[in-house]
Amino acid sequence: MVKKGTFRVKSGLAEMLKGGVIMDVTTADQAKIAEKAGAVAVMALERVPADIRAQGGVARMADPQKVKEIMAAVSIPVMAKVRIGHFVEAQILQALEVDYIDESEVLTPADPRFHIDKWAFTVPFVCGARNLGEACRRIGEGAAMIRTKGEPGTGNVVEAVKHMRLMQEQIRAVIAAPDDELMRMAKEMSAPYEVLLLIREQGRFPVVNFAAGGIATPADAALMMQLGADGIFVGSGIFKSGDPEKRARAIVEATTHYNDPKILAEVSAGLGEAMSGIAIEEIPPHEMMQVR
Amino acid sequence: MTTEIGVLGLQGAVREHLAALSRLGIAARAVKRSAELDGLSGLILPGGESTAISLLAGEGFLARLREMADAGVPLFGTCAGMILLAREIAGQSITYIQAIDITVARNATGRQVDSFETTLSVDGIGDDVPAVFIRAPYITRMGPEVQPLARHEGTVVMAQQGNVLVTSFHPELTDDLRIHRYFLGMVEKYRQEVQQ
C-alpha cells in the first residue's frame, strides 16, 4: 500500500535538507543563481523581508505565476510563504504542488488567533518559533519542520541567536526533567504535553530545526550551526548584498564546514558589501515581525 | 584493521545513517573532506540534494570516490547518493562518480505532494521492507552487470553491481535495519578479500 502525506514523508524531506541552505528568491533568475550556488531549496516570495520592512503595506503570498516560473526554473525543492492562518493561500500553494509551505510571520498575518491546521494538508509545513513552547504548538498543529524566527529583514543575527539558545536550553531541560515535573513544564511553556514526551523519548527535538531571521554572513551561518541549528534559511542576506553569487556560495560552504575556522576564513574573504543591517532597538514595537 | 564505515557528511540525512550503523554496533563517522576517507571499509552516500552535495564535494573529492569504487570498497547510495553513483542521469550531461552502470531519472516520483511510504519485497531480505520515497529518483536503465533487488510498481528501486549498492528510497528514515545489515555483509566480504 502506498501512503502519501504521512508525517514521516513530510518530516523526511526536511531531514534531507539538513546541513544545507534555503534561500529566499523573488524571480526565476534568482532561483537559478541559488541552485548553482548549492542551495538545497529556494523560498519563493514576492518581496524579500528587508523590502517588506522598508515598503510596508500588506505582504501576501506570491503570485502563483511567479511561483510556477520558479518551480520550472530549478530542480531543487521550492518552498513558498503563506500568511499566518491563511489556509486558502495554503490550499492554492498545495494545488500548485510547491514542496513545502512556510506559514510565516514575514507576511502580514491573516488570523490574529489561529494558525493553519496543517494536518489537513498533504504538503508539509515549516513554521517559525522563538521558544520551545511555540515550536511544540506548531508541531501540535502539524508542522513537520521548525525554524527560529529571528527578526527577519534586519541582517542582524541577534534575535535568531536568542531564539536558538533558548530553544536548546529548554530542550535540554525537558530531556533532563523527572516524570513528575513534565506536566508542569508543559503548562509553563504552553507546550502540548505529548510533544514534550516525544522529545524525552527521542532524546532530541522531534523535527528538523533550522535557523532563520537576520543571517547575512558566512560567519552568521556557522554561528547558528555551532549553536545547534540543522540548517540555514537566508532571506534578504543574499540578494540584498553586493555580490549575491559569491555570498550565496560562501554561506553554503560555511554551513557545511561550520566547525572548520580555516575554511570559514577562506570563504568569508572578499565577498563585497553585506546587506546593511538594522539594530533591533531602532525597530518600533509594532513593526517587530517575530511577535506575530 | 577494524571495520569503520564512513557516511558522506556534506549535507543531508547523515545523522540517520550514523544512527542506523551505531544501532548495529558498527563504528561510523561523518566524512566532509577527502583526506578523511582513508582507512574506511565502506562508505554510505546519504540522501540530500545531489546538486548541493556534488558542489560541496568538488572534483577532487569525487575523483577519490571513483578510485575507492574501482578498488572494490563497498559504497551504498540512497536517493541523492544513488544519483551521485549512477553512470548516467536522464536529461542532463553532468555525471558524478559513475560507479554503477545505471541511468537514473531525478525526481521521478514527482514533487513532494507525491512522496510516499510503502513496503517492498527485496530479494534476499524480505517481502515487507518499509521504504520512504522522497522526491525520489528511479532507475530507468540497467547494464548487464547490474542486479535488480527490488521493484515498486514495476520500476527498479534498488540494485547492486559488485561493490556498489543503490536505493531510490530511504531505509534510514525507518527503524528497519535489514538493508544496512545487507550492506554490512558486503563490507565484511570486502574485508575478507583484502585480508587474503
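Nothing in this text is a laboratory measurement; each read-out follows from the coordinates by a stated rule. Predicted model only: the values in this text are computed from it and were never measured. Note that each Cβ is placed from the backbone with ideal geometry, even for glycine, and that neighbours are counted across all protein chains shown.
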Positive end of the charge dipole of chain B (Lys, Arg +1 and Asp, Glu -1 on Cβ, about the Cα centre): tell me which of B:Leu65, B:Thr140, B:Leu173 has its Cα farthest that way.
B:Leu65
Relative contact order [Cα under 8 Å, 6+ residues apart], the range B:5-195, whole percent
19 percent
What are the lysines whose alpha-carbon lies under 19 Å from the alpha-carbon of A:Lys3, with same-chain residues fewer than 8 places away excluded?
A:Lys118
Descending principal axes extents, chain A, alpha-carbon based, whole Å:
54, 46, 43
Base-10 log of normalised Debye intensity for the protein assembly as shown (one unit scatterer per alpha-carbon) at q = 0.08 Å⁻¹
-0.46
Taking the Cα centre of the range B:5-195 as origin, sum charge times position over the Cβ atoms of Lys and Arg (+1) and Asp and Glu (-1), and report the length of that vector in debye to the nearest 20.
360 debye
Looking only at other chains, what is the average number of their beta-carbon atoms within 10 angstrom of each beta-carbon in B:52-61?
4
Take the residue pairs A:Lys81/B:Lys32; A:Lys36/A:Lys66; A:Lys66/A:Lys149 and return only those whose Cα atoms are more than 27 Å apart.
A:Lys81/B:Lys32
Determine, for each peptide in A:17-30, A:179-192, the mean count of other beta carbons within 10 angstrom over its residues, then list the peptides with the highest first.
A:17-30, A:179-192
Net charge near A:Thr108 (other residues with Cβ under 10 Å of its Cβ; Lys, Arg +1; Asp, Glu -1) is +2
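List the longest stretch of chain B that has no exposed loop site; here a site is one of the GluC sites (Glu not before Pro) assigned by DSSP to anything other than H, G, I, E or B, with at most 13 other Cβ within 10 Å.
B:1-144
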Could you grab the relative contact order for chain A? Cα pairs under 8 Å, six or more apart, rounded to a whole percent.
19 percent
Calculate the mean, over all residues of peptide A:2-13, of how many other protein chain Cβ atoms lie within 10 angstrom of the residue's Cβ.
6
Residue mean of other protein chain beta carbons inside 10 Å, B:106-115
6
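Over chain B, what per residue volume does the convex hull of the Cα atoms give, in whole Å³? Kindly include the intermediate steps, with their values, before the conclusion.
Working: hull volume 21.8 nm³, N = 196.
Dividing the Cα hull volume of chain B by its residue count gives 111 Å³.
Excluding A:Ala186 itself, calculate the net charge of residues whose Cβ lies under 14 Å from the Cβ of A:Ala186, where each Lys or Arg counts +1 and each Asp or Glu counts -1.
-2
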Taking K and R as +1 and D and E as -1, what net charge do the other residues with C-beta under 13 Å from the C-beta of B:Gly143 add up to?
-1
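Looking at the protein assembly as shown, what % of its DSSP beta bridges pair antiparallel, to the nearest 5? Please report the intermediate quantities before stating the final value.
Numbers: 24 of 68 bridges.
If I count the DSSP bridges inside the protein assembly as shown, around 35 percent turn out antiparallel.
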